[in-house]
There are 2 protein chains.
Amino acid sequence: MSDENYQSLDEETLFLVSQTFKALADPTRIRILHLLFNQEMSVSNIAQQLDLNQSNVSHQLRFLKNLRLVKYRRDGKTIYYSQDDEHVMKILQQSIDHATHH
Amino acid sequence: MSDENYQSLDEETLFLVSQTFKALADPTRIRILHLLFNQEMSVSNIAQQLDLNQSNVSHQLRFLKNLRLVKYRRDGKTIYYSQDDEHVMKILQQSIDHATHH
DNA sequence: ATAATACGTGAACACATATTCATATTATAA
DNA sequence: TTATAATATGAATATGTGTTCACGTATTAT
């Protein structure tokens with residue numbers, strides 16, 4: 001591609017991409033998503049596994065849910081969260097592998 | 001993988017991964033990296049193309065350089081920056097494509 | 001040496017964000 | 001209805017971050 005027909009990024013794309021990476025830029029959210037890689041899990045179970053308080057986990061899950069990176073289902077009083085974006089989860093897995101083998 | 005032998009992330013990996021995504025979590029840095037996708041470019045040229053002041057671009061480039069996402073070469077008074085991490089640039093490109101076709 | 005050009009750096013500021021605390025909501029059980 | 005359990009939410013706070021300003025450093029030209 002030459003300099004003349006360089007395609008700059010539109011605002012909407014820029015915002016969406018940066019928001020998605022922002023979700024992956026925090027250690028707590030990475031740990032949560034990593035837990036959900038091949039299983040669904042309740043809020044309290046996530047909190048227990050990662051030694052975080054419940055409120056913190058709820059806040060982070062809301063963040064991820066707003067970006068449609070996770071989804072949930074209710075069963076009685078318990079709410080189970082699971083992944084909802086294969087592309088992002090694949091990128092996360094790749095990056096963890098890449099960082100580990102270094 | 002069962003619950004029992006779930007492999008949790010070590011601190012070092014967690015930090016490295018989150019730092020890398022943090023680099024991609026800011027619109028300005030995304031625009032800079034996008035500019036450098038298939039060409040090297042001087043600091044002032046980047047600033048001009050993206051309508052940013054030179055100091056801002058320098059700060060962001062230092063951030064990216066510390067993470068070894070970009071490298072530079074000097075030619076007289078001018079310093080040319082270019083990409084230095086194929087894996088990250090590939091992830092960025094994929095994510096831009098994914099966001100664009102949506 | 002002096003001036004001019006390109007880039008880097010530290011401080012300061014405004015703003016965003018992660019976490020905690022207290023409390024509200026929702027659903028089950030007694 | 002009352003109590004208990006699971007989760008969500010809003011406020012508060014501490015810390016992090018992006019940008020700008022003023023100035024410093026490095027290189028070239030005169």
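The values are calculated or read from the model by the stated rules, or taken from the named source; none is laboratory data. Just so it is clear, the model here is predicted, and its values are computed rather than measured. Note that each Cβ is placed from the backbone with ideal geometry, even for glycine, and that neighbours are counted across all protein chains shown. The area values use the complete protein model at the heavy-atom level, side chains included, leaving out ligands, DNA and RNA. Shrake-Rupley method; radii C 1.70, N 1.55, O 1.52, S 1.80 Å.
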Q. Other chains' Cβ within 10 Å of A:32-40 residues: what's the mean?
A. 2
Q: Could you list the GluC sites (Glu not before Pro) in the stretch B:1-68 that lie in coil according to DSSP, counting only those with at most 10 other Cβ atoms within 10 Å of their Cβ?
A: B:Glu4
(Q) Not counting ligands, DNA or RNA, and with a 1.4 Å probe, what is B:Thr78's accessible surface area in Å² rounded to the nearest 10? (A) 50 Å²
Q) With every protein chain present, what is the per residue accessible area of the protein assembly as shown (1.4 Å probe, Å²)? A) 60 Å²
(Q) Could you tell me the calculated FRET efficiency between B:Lys65 and B:Phe37, based on Cβ-Cβ distance and R0 = 22 angstrom, to the nearest 0.05? (A) 0.85
Q: Would you mind giving the mean number of other chain beta-carbons within 10 Å of the Cβ of each residue in A:18-29, as a whole number?
A: 6
Q. Working out 0.36 nm times the residue gap between A:Arg74 and A:Gln54, then minus their Cα-Cα distance, what length gain in nm do you get to one decimal?
A. 5.5 nm
Q.
Tell me the carbon and sulfur percent of the accessible area for the stretch B:17-92, rounded to whole percent, probe radius 1.4 Å.
A. 40 percent
Q) Rounded to the nearest 100 Å², what is the sum over both chains of accessible area buried where B meets A, with a probe of 1.4 Å? A) 2900 Å²
Q) Say a site is exposed when it is one of the trypsin sites (Lys or Arg not before Pro), sits in a DSSP loop, and has at most 15 other Cβ atoms within 10 Å; what is then the longest site-free stretch of chain A? A) A:1-67
Q.
Just to confirm the numbers: A:His87, label point 7 angstrom along the Cα-Cβ line, distances to the other copies in nm, shortest first?
A. 2.2
